[in-house]
Amino acid sequence: MKSAGLDKLARRYGISPTRPSPDGREVAISADTKRKILSALGVELAAATQRETNAPRRAQEPADKAIPKSFLPDFLFRTRVWGISLQLYELRSARNWGIGDFEDLSDMAGLAAKLGADFVGLNPLHAPFLADPDRCSPYEPSNRQHLNPLYIAVDRLPGFVGNAELERQLKGLRQADLVDYVGVARVKLGALRDLWRAWLQSGAVDETYNPGDFESFVARGGDSLRRHALFECLSFSMVERGAGAGWHGWPGDFQRFDSAAVAEFEHGHADEVRFHMWLQWLAHRQLLLAKDRARKAGLRIGLYLDLAVGEAVDGSATWGEPDVYISKATIGSPPDPFAVGGQDWHLAGYLPSAIAAGDGSPYRRMVSAAMRYAGAIRIDHAPALRRLFLVPLGSKPDGGAYVRYPQHRLLQILAETSAEHRCLVIGEALGMIPVDLPDELAAAQILSYRILSYEQDEKGFKPPDAYPIFGLTCISTHDHQTLVGWWRSADIQDRRDHGIVPPDLTAKHLEHRRRERRNLKAALRAAGLEMPARLSARASRETLRELTVSAYRFIARTPSLLVAVRLADLTDEKRPTNIPGTSVSYPNWKPKLSVSLEGLASNPLLDRITAAMREERPRNCAERERSGSRRISIRQG
């Protein structure tokens, strides 16, 4: 194909002709990259030039239609609220099985409500690879339309009876400082299989776990649920054969859900398929109970769930619906000053032509799967509403390109589903993003995601009144150290120790952090907040706890509708949740909190920070008048 024809075809399918470089220039996309991306989008180049007029055309984005608005609860037009964010798996309790579960979530929601919060924010709860439990990143799930059965509170199921041997195993799992996913999966799935067999034989009707409700759940789940359960069965079988949990390593006749070999396997494992459907139903029932208990406890927003930007390339989703996913390229990020080679996240994304197609589109089903349990969802990497950076298989990230997605249609789906489920939407849009995207998301009533350390300009840290109303503001996330860790430059040292950043660059980052510490102190003082004495990089832990309280007062004073208090800050954790850029050198997604659920209520730092949040963001109208708060106008200009 000639260059002009290739360029025309690339434009037609939404491939950007340039990508950014670390030094801020726009670099032209090569012809080879265009060919590979077109192939990944399902375009046959040889035939494209011959049947140009008959080729399927991409839907054009409407230029003059109003931006669809997502749901906002009425009370947010009058006040600002706060909540607590955490990783569900990191919760310790005297009764859980070595991993936080849905019963712990209910208890956490009750505690949060007593403290004056309005939501509990969580990591993605998407279905993982049960047959490979150590593949535990919640941001690389097997399927975003289904749940993680490892969060089931087995001891709360009807018919459960423990024994001394089980309790011995559970004691070891509870005492471990890291989640032992393999051990947890072995013990939980063993107990659940026993309960499944007993449940089948008993036929007893339980108000919460009614067999009739299970059958309705299976009917509603349709092919998506059946294929996911079938994938789980195959995955366990393939692990036993040494082929791995992901379908890319399976024999060819098992790599498609509709093959004769898969049909024969399903016929011979019908009971096992039903068991995995039952696991999904149990998770569904318990998460619904947690949602209801959160609302009854007084959380006005309730649960706030995170959505991963993509799925594992070899998981249940891409196996069960291969025609809606890009198979020859993965989601990543172009080169930038902090990742000069770019990034390949090795995640599968929806095809632009399929993502919003039809009433039951993949995107609608995916967001609805989370919204039915939540009062808020956070979209990881919200720029994906407009574009994704795709890296062709076998290429490095600098050989990738941006591809356009149907933004207006996706915003429309979010508006419709959020209204249906009365669920507000938060969009995480950090790093390299289109300059006009934040304004468009705000116009769509999608709250931006603001992290304290990112809210800086050439003058230093932005003052509270510079933050947007349509926002969720926090101090840090799962990819960051706590505020204390940030102050002590632990994140910079981690990147050096794990070989992510070379020593010469580490020295520059440490010097920059010294300036940031001075600027943060200046910003807190300018906001009228008291600063502890002797606040150096090596300040005592008690001094840094005082700093943490002041920093939370600072973000609480922003006009942002939502503020999230990270539980790891309240328990003063020393180990990060995740160190981006590491895989085997750090136990990502495994560290537990150092304080148990039972000990949280008497934790002095938690008491001080939540008291500050109640003072700065009171729920009671009389308290709000005394604190000088006034009605918040969030009308669009």
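Structure summary
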item	result
Members of region 373-427 found to be under 17 Å from residue 471 (Cα atoms) and either without any contact (Cβ under 8 Å) to a residue 40 or more places away in the chain or of a type in the set (Lys, Arg) (or both), listed by number	378
Single condition residue 480 does not satisfy, out of (1) in a helix (DSSP H, G or I); (2) closer than 26 Å to residue 137 by Cβ	(1)
Residue, modelled with the highest pLDDT, within region 457-474, restricted to residues that are in contact with a Leu (Cβ under 8 Å, 6 or more places away or on another chain) and either hydroxyl-bearing (Ser, Thr, Tyr) or part of a loop (DSSP other than H, G, I, E, B) (or both)	473
Enumeration of residues in region 536-578 that are free of Cβ contacts under 8 Å to residues at least 60 places away in the same chain and polar (S, T, N, Q)	536, 540, 543, 550, 571
Among (1) more than 22 Å from the chain's Cα centre (by Cα); (2) crowded, with 20+ Cβ neighbours inside 10 Å; (3) of a type in the set (D, E, K, R), the one test that residue 450 misses	(1)
Every residue from region 317-361 that is at positive phi and among the small types (Gly, Ala, Ser)	342, 358
One residue from 206, 177 being charged (D, E, K, R), surrounded by fewer than 20 Cβ atoms within 10 Å (Cβ to Cβ) and at pLDDT 95 or above	177
Count of region 523-546 residues which are part of a helix (DSSP H, G or I) and within 21 Å of residue 459 (Cβ to Cβ)	4
All positions within region 408-431 that are part of a helix (DSSP H, G or I) and of a type outside the set (Asp, Glu)	408, 409, 410, 411, 412, 413, 414, 415, 417, 418, 419, 421
Qualifying residue in region 249-258 (condition: assigned to a helix (DSSP H, G or I), within 25 Å of residue 360 (Cβ to Cβ), at pLDDT 95 or above and of a type in the set (A, V, I, L, M, F, W, C))	no
Region 231-261, residues that are of a type in the set (Lys, Arg) and closer than 23 Å to residue 136 by Cβ	241
Qualifying residues in region 40-73 (those that are assigned to a helix (DSSP H, G or I) and at pLDDT below 95) - the one surrounded by the fewest Cβ atoms within 10 Å (Cβ to Cβ)	46
Pairs with Cβ under 8 Å, 6+ apart, first in region 164-181 and within 15 Å of residue 590 (Cα to Cα), second of a type in the set (Phe, Trp, Tyr) and surrounded by 18 or more Cβ atoms within 10 Å (Cβ to Cβ)	173/97; 174/97; 179/89; 179/589
Output for region 209-234, where each listed residue is assigned to a loop (DSSP other than H, G, I, E, B) and either crowded, with 17+ Cβ neighbours inside 10 Å or β-branched (Val, Ile, Thr) (or both)	209
Residue list for region 414-441, filter: surrounded by 21 or more Cβ atoms within 10 Å (Cβ to Cβ) and within 16 Å of residue 66 (Cα to Cα)	414, 441
Single residue of region 432-456 satisfying the filter (assigned to a strand (DSSP E or B) and of a type in the set (A, V, I, L, M)) that is nearest to residue 491 (Cα to Cα)	451
Residues of region 125-160 classified as part of a loop (DSSP other than H, G, I, E, B), in contact with a Gly (Cβ under 8 Å, 6 or more places away or on another chain) and among the hydroxyl-bearing types (Ser, Thr, Tyr), total	1
Any hit, region 390-399, residues being among the polar types (S, T, N, Q) and under 27 Å from residue 38 (Cβ atoms)	yes
Within region 311-364, tally of residues that are in contact with an Asp or Glu (Cβ under 8 Å, 6 or more places away or on another chain), of a type in the set (Gly, Ala, Ser) and free of Cβ contacts under 8 Å to residues at least 60 places away in the same chain	4
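Conditions tested, residue by residue: (1) farther than 29 Å from residue 611 by Cβ; (2) modelled with pLDDT of 95 or more; (3) in contact with a Ser or Thr (Cβ under 8 Å, 6 or more places away or on another chain).
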{"position": "501", "(1), (2), (3)": "yes, no, no"}
{"position": "517", "(1), (2), (3)": "no, yes, no"}
{"position": "540", "(1), (2), (3)": "no, no, no"}
{"position": "557", "(1), (2), (3)": "no, yes, no"}
{"position": "586", "(1), (2), (3)": "yes, yes, no"}
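The values are calculated or read from the model by the stated rules, or taken from the named source; none is laboratory data. Because the structure is a prediction, the values reported are computed rather than measured. No Cβ is skipped: glycine too gets one built from the backbone with ideal geometry, and neighbour counts run over all protein chains shown.
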